[in-house]
Each structure stands twice: as structure tokens, then as C-alpha cells.
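Below is one structure; the comments refer to it alone.
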Amino acid sequence: MKVKKSGGAGAAAAAAAAVVRTEEELGRKALIGPDDVLGLQRVTSDYLCTPEENVYKIDFTRFKIRDMESGTVLFEITKPAASDNCDGALLCAFPEREHSDKKDIDPNAGRFVRYQFTPAFLRLRQVGATVEFTVGDKPINNFRMIERHYFRDQLLKSFDFEFGFCIPSSKNTCEHIYEFPQLSEDLIREMILHPYETQSDSFYFVDNKLVMHNKADYSYSGGP
């Protein structure tokens, strides 16, 4: 298993130097690259690519979040072995996102996840996210994820991870280390009081071309 930290000073400099972009601008582009999404100033209202653009058949099958300091597992989910309605994500395990009538299924349902954490999560300094994924019959070069977290229209943190090369028809496991920013008490209180107004975009690139886009929202009001 590979363990990777977010891109560090180089990634931070790239994010700071990115030209400001709007979702509308990117929607008109034939090819969206890392610099484009680094220029976004707010969470997107829609997806910037279609599920069909995942021509590499990247499929996330397991996801685990742990506190690096204590080792406590905070969240873990595994994609069911047989899942007709999940395309490239783990989300069909969340019953609130399923539909009883297949005709009503949102084609993007498999690209969204809703997290529920306790307020203590906002005070963690370092979290490890282990992902397990399979790829199709094409080799994958320069597989990269940029994940941007927002509260309302405020960018909280931009994470940048390299998966590297993936051989065809392989199963891969990688742990990404998230270094969380220190949040003010006022901001923490607002994030707790307004569940699901904290949101993120996860953009996945192969050879600097966007091939997947997943979204999430977060509540920090659960539990003790």
C-alpha cells in the first residue's frame, strides 16, 4: 500500500498561482486540466464531466478514514460486490441516495456521498484516507486527484494527491494523508450549526485530463 501526503509546497504554490476560473467557463472547454479546477473559487453546482468520460473504468471499491494520531477508524465503507447502479464510487451503500423505482435513478447518484461526523472531527489535525480501486484494461499514467473543500463560498483547503501509474486490470490501494487547516472557533461553530453547507469537489485526472468528478457534503453535528 502506498502512503502519500498532499502535494505540499509545490502544490500550494500551483494553487496560489492558478488563474481564477468560473464553472461556466469550464463548462465550455473541451478539455479540463488541473490548473482549471485550481482556479475555481466555490464548489461547483454541477459535474464538470460525464460518467462516460471515465474511459479507464476506474472504480472505487473501498474507503476508510482514520485519525492518524489515535488510529481510530472514523468511517469505513465497501462497495457491494454486485451493484448495477454504482458507477465509479461507493455511494450506493447510502440508502438515502437510492430510489425504489429504477426509472427515477439519477445517473449522477453514484458520484455523490453525504458524510456525518461529530464536532470533534473539526479539531483533528491529520487524517488518513485509504482508498481501494480497480482499473480497466487500459494503463493509467499520471493519475491525480485534486480535492477542494468549501464552507459556503469560502475555500477551506485544497488537497492534491498523485496516485502515479496503474497497470491494466489491477486492484490498487493507497492511503492519502490529509493535513487539516486550523479553523477558528467561530468558523467551527458555524460549520456545526449549518450541516451540509460544507461541501467538496473531487476531480480525478489522467495525463492532465479530467476523467472523473465526485461531490460530497458534510455534517459535523452528529454524536456526542
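The values are calculated or read from the model by the stated rules, or taken from the named source; none is laboratory data. Since the model is a prediction, treat every value here as computed from it, not as a measurement. Cβ atoms come from the backbone with ideal geometry, glycine included; neighbour counts cover every protein chain shown. Calculation scope for accessible area: heavy atoms of the full protein, side chains included, ligands and nucleic acids excluded. Shrake-Rupley method; radii C 1.70, N 1.55, O 1.52, S 1.80 Å.
Before moving on, here are some points about what is shown:
- Its Cα gyration tensor gives segment 13-63 an equivalent ellipsoid, and the semi-axes of that ellipsoid, as √(5λ) in whole Å with the largest first, are 22, 14, 11.
- Hull-based mean projected area of segment 149-193, where the convex hull spans the alpha carbons, in square nanometres: 4.9 nm²
- Between A81 and H194, residue separation times 0.36 nm minus the direct Cα-Cα distance comes to 37.2 nm.
- Volume per residue of the C-alpha convex hull in segment 100-224, rounded to whole Å³: 148 Å³
- Shown for segment 156-224: the carbon plus sulfur share of the solvent-accessible area, taken with all protein chains present and a 1.4 angstrom probe, equals 51%.
- Using a simple spin-label model with pseudo-atoms 7 Å out from Cα toward Cβ, E25 and S170 lie 3.6 nm apart.
- Estimated from the Cβ-Cβ distance and a Förster radius of 22 angstrom, the FRET efficiency linking S70 and Q116 is about 0.65.
- N142 versus T50: modelled label distance in nm, points set 7 Å from Cα along the beta carbon direction: 2.5 nm
- Distance (nanometres) between label positions extended 7 Å along Cα→Cβ at D35 and K57: 3.4 nm
- The phi torsions of segment 43-60, fed into the Karplus equation with coefficients 6.51, -1.76 and 1.60 and a -60° offset, translate into couplings of 5, 6, 8, 9, 8, 8, 8, 8, x, 5, 6, 7, 6, 8, 6, 6, 9, 7 Hz, rounded to whole numbers, with Gly and Pro shown as x.
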